[in-house]
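Have a look at the structure below before the remarks.
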Amino acid sequence: MSVTREDVAKIASLARIKMDESDLDTLVPEFNAILGFVEQLGEVDTADVEPMTAVIPQALRLRDDVVDADPLTGGGKRDDVLANAPVAEHGFFAVPKVIE
């Protein structure tokens, strides 16, 4: 695929970028180089390559989800917190049902 000067003008118009006439001529070879690189990537055989999200192996470091019962470090205060709630039910904040 080859990009023409008219193609560059159309792309600039769609992107709402104001381009001088001289800038259009300088972008034609740049667009063609980019498209050539994309075509080169399409020639690579990836049939036996497993999909991956990163180039190095990664593992999440997880911790146990436990409530700290020590009142000095923040846990064990559910009743104190819910005492400030306008409405509490079954140990949780109660909110009005919202359905539109």
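What is the chain's relative contact order, in percent, from Cα pairs under 8 angstrom and six or more apart in sequence? All intermediate terms of the calculation are to be shown ahead of the outcome.
Numbers: 38 pairs, mean separation 14.4, N = 100.
14 percent.
Please work out the average accessible area per residue across the chain, using the 1.4 Å probe convention, and give it in Å². Walk me through the numbers before you get to the answer.
Working: 9660 Å² over 100 residues.
I get 97 Å² per residue for this part.
Overall, the accessible surface of the chain at a probe of 1.4 angstrom is composed of carbon and sulfur to the extent of 58 percent.
The radius of gyration of the Cα set in the chain, together with its Dmax, comes out at 29.9, 72 angstrom. Placing pseudo-labels 7 Å out from each Cα toward the beta carbon at Glu100 and Leu82 gives an inter-label distance of 3.1 nm.
Sum -39500 (n - 2.57) across every DSSP H segment of at least 4 residues in the chain, then divide by the residue count to get the 222 nm mean residue ellipticity, nearest 500. Display every interim value, and only then the final one.
Values: 3 runs with 37 residues, N = 100.
After summing the helix terms and dividing by the residues of the chain, the value is -11500 deg cm²/dmol.
Place +1 on the Cβ of every Lys and Arg and -1 on the Cβ of every Asp and Glu in the chain, take the dipole about the Cα centre, and give the residue among Leu27, Thr53, Phe92 whose Cα lies farthest towards its positive end. Highest projection toward the positive end goes to Phe92.
The values are calculated or read from the model by the stated rules, or taken from the named source; none is laboratory data. The model shown is predicted, which means the values in this text are computed figures rather than measured ones. Neighbour counts are summed over all protein chains in view; Cβ atoms, including those assigned to glycine, are modelled from backbone coordinates with ideal geometry. Accessible surface is based on the protein model in full, side chains and every heavy atom, while ligands, DNA and RNA are left aside. Shrake-Rupley method; radii C 1.70, N 1.55, O 1.52, S 1.80 Å.
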